[in-house]
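Colleague: Sharing a structure below in structure tokens format, with a few things to ask.
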Amino acid sequence: MPPLVFPPDFLWGAATAAHQVEGDNVHSDWWAWERRPDTPCPEPSGIACDHYRRFADDIALLAGTGLNTYRFSVEWARIEPAEGTFDEAAIDHYRRVVETVRAQGLEPMVTLHHFTLPAWLADRGGWRAPEAPARFERYVRRVVAAIGGAVEWFCTVNEPGVVAFGGYLGALGFPPGTRDVAAWKGAIRGLVEGHRRARAAVRELHPTARVGATHSMQEWEADQGGRPVMEYLRRMNEDVFLEACTDDDFIGVQTYTRVRVGLPTLVGPLARLALAVPPLESALVPLTVRRETRRASEQAPAGASEPAPRDRGSGGVAGALGRDGERLTQMGYEFRPQAVAATVRRAAALHPGRPIVVTEHGVATGDDAERVEFIQQGLAALHAAMADGVPLRGYIHWSLLDNFEWARGYEMTFGLVAVDRATQARTVRPSAHLLGRIARSGRLEP
Ligand code: IFM
């Protein structure tokens, strides 16, 4: 079999997000959330990977593998710790990060919002607050004015569907932890408007930059009965945002697995009816979310499910299988690297001709050989999609470092580079060398 060849200008990278790696993000909503007595987080983020101080070494490690792109986020809560007060030292810090990335010969891709909000905005309702989109735009203008000249790729909002579903419908243990459909829809509106304003601001200040949102997308599968619920969830978690992004310069796709929705056939038409009637929708959706969360914890091994409050779990069991015999990751997800090609194909069908970048794809595993397999199989499936005409421009792996996995704490290990929590020592894993070799040669050996 000949090698699979990728274009010479392909973006090959690894990603991080500020709160997950920097440490001491004390002015953010997550910092407060992790410390509440009823927090779902098994542990606080604390010093994380100390990346705020160690960024230059980490960027050098990334460059040393052979990758050519670093995707990272700038932290709103650091830059604007109190409303209207901008911290010049924090802005200067990110200027230095961008310079360091460039000095290493890497392409910087900057995410403007990756899950965290300044606590002052969260206290007013977060993305539901009427002023949130305008406040986001004001912050984005400060950032782009400071670093825009050296950055050609901007991601406005990371996984807006996850922010809304995970926090405002309370599905993933994210703040603010509200559990109602009105809050969820209010957050969706705020995130869509925030994205639009940020995109316009980037374009005005830096017309040659490429700007887009990064979307959490699943490879969905449903039986006949499950189809209405599946379509509803896909519309609310993915399509409302994808539709708001028809004018973006690129579509960022982030996929980790396949999700199956199955219900007895007779329930299908009833579910379709209920989801179209607002009062019934308000009752049905939280119920479905609870049911799915329970189902996940029944089928996954200890620690691989959505954790109950304060249930630290075991961090996943190697070789664990799901209810239908499928291989599971530490997160309790089906091990399905090729799911990313299904979602990239769907994004291409929804936005014909628009450039697509896989801005995240990765696996939580304690066995790096699985990560190697995940990368190889994912890239092979993506190559086939490109051969069919999908305009894919890059592949960015999640994550550069083992880091703070939100309401799952530090036990989920997604890193190309291992981080020793006690000493902060870094160890570059074989998967990083593999991805770097593919990046350098532009070839995936079969
Ligand atoms: O760690 C997260 C990241 O913050 C957003 N996308 C999914 C990753 C893995 O769960």
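Colleague: Do you know the relative contact order of region 20-179, to the nearest whole percent, from alpha carbon pairs under 8 angstrom that are 6+ apart?
Modeller: 23
Colleague: To the nearest 0.05, what FRET efficiency results for Asp38 and Asp180 with a Förster distance of 25 Å applied to their C-beta separation?
Modeller: 0.90
Colleague: Next question. Could you go through region 346-358 in sequence order and give the Karplus-derived ³J(HN,Hα) for each residue, using 6.51 cos²θ - 1.76 cosθ + 1.60 with θ = phi - 60°, rounded to whole Hz, and x for Gly and Pro?
Modeller: Residue by residue, region 346-358 yields 5, 4, 5, 6, 6, 10, x, x, 6, x, 10, 10, 6 Hz.
Colleague: Assuming a ≥ b ≥ c are the square roots of the Cα gyration tensor eigenvalues, decide whether region 70-127 counts as rounded (a/c under 1.5), prolate (otherwise, with a/b larger than b/c) or oblate.
Modeller: oblate
Colleague: Right, here's the next one. What net charge is computed for the residues neighbouring Cys245, neighbours being all others with C-beta under 14 Å from the C-beta of Cys245, Lys and Arg scored +1, Asp and Glu -1?
Modeller: Once positives and negatives cancel, what remains is -1.
Colleague: When the Cα atoms of region 12-63 are enclosed in a convex hull and the volume is divided per residue, what value in Å³ results?
Modeller: About 87 Å³ per residue, rounded to a whole number.
Colleague: P(r) tail for region 117-276, what percent of Cα pairs lie past 23 Å?
Modeller: Tail fraction, whole percent: 44.
Colleague: Using the beta-carbon distance between Thr208 and Ala89 and R0 = 25 Å, what value does 1/(1 + (r/R0)^6) give for FRET efficiency, to the nearest 0.05?
Modeller: Calculated value: 0.30.
Colleague: Follow-up. How much length is gained on full extension from Asp123 to Glu326, taking 0.36 nm per residue of separation minus their Cα-Cα distance?
Modeller: Details: separation 203, 0.36 × 203 = 73.08 nm, distance 4.17 nm.
Difference between extended and current length: 68.9 nm.
Colleague: Now, a different point. Test of understanding: extend the Cα→C-beta vector of Arg138 to 7 Å, then name every residue of region 172-214 with backbone N under 20 Å from that spot.
Modeller: 190-205
Colleague: Further, regarding this structure: Could you list the residues of region 1-45 with an amide nitrogen less than 14 Å from a label point located 7 Å from the Cα of Asp388 in the Cα-to-C-beta direction?
Modeller: Correct set: none at all.
Colleague: For the chain, what does the helix formula give at 222 nm: sum of -39500 (n - 2.57) over DSSP H segments with n ≥ 4, over the residue count, nearest 500 deg cm²/dmol?
Modeller: My calculation for the chain gives -12500 deg cm²/dmol from helical runs alone.
Colleague: Sticking with this one: According to the square roots a ≥ b ≥ c of the eigenvalues of the Cα gyration tensor, what is the shape class of region 33-144, taking rounded for a/c under 1.5, prolate for a/b larger than b/c otherwise, and oblate for the remainder? Don't skip to the answer; put the middle values down first.
Modeller: Working: a/c = 2.31, a/b = 1.46, b/c = 1.59.
Cα axes put region 33-144 in the oblate bin.
Colleague: Glu131 versus Ile47, label points 7 Å from Cα toward the beta carbon: distance in nm?
Modeller: About 3.7 nm separates the two model spin labels.
Colleague: What is the chain by shape, rounded, prolate or oblate, if you read a ≥ b ≥ c off the alpha carbon gyration tensor as root eigenvalues and call it rounded for a/c under 1.5, prolate for a/b larger than b/c, and oblate otherwise?
Modeller: Verdict is rounded for the chain.
Colleague: Read phi for every residue in region 32-37 and hand back ³J(HN,Hα) as whole Hz from Karplus 6.51 cos²θ - 1.76 cosθ + 1.60, θ = phi - 60°, with x for Gly and Pro.
Modeller: For region 32-37, the Karplus curve yields 5, 4, 5, 9, 5, x Hz.
Colleague: With both bridge residues required to lie in the chain, what share of the DSSP beta bridges run antiparallel, to the nearest 5%?
Modeller: On the way: 9 of 45 bridges.
Approximately 20 percent, going by the DSSP bridge assignments.
Colleague: For region 205-217, what does the Karplus curve 6.51 cos²θ - 1.76 cosθ + 1.60, with θ = phi - 60°, yield as ³J(HN,Hα) per residue in whole Hz, taken in order and with x for Gly and Pro?
Modeller: Per residue, the Karplus-derived 3J(HN,Hα) values read 7, 8, x, 8, 5, 9, 10, x, 9, 10, 10, 7, 10 Hz.
Colleague: If you don't mind, another one. With an 8 Å cut-off on Cα pairs and a minimum separation of 6 or more residues, tell me the relative contact order of the chain in percent. Walk me through the numbers before you get to the answer.
Modeller: Details: 934 pairs, mean separation 84.6, N = 446.
So the answer I get is 19 percent.
No lab work stands behind these numbers, since they all come straight from the coordinates. If you're wondering where the values come from, they're calculated on a predicted model, not measured in any experiment. FYI the Cβ positions are ideal-geometry reconstructions off the backbone, even for glycines, and counts take in every protein chain you see.
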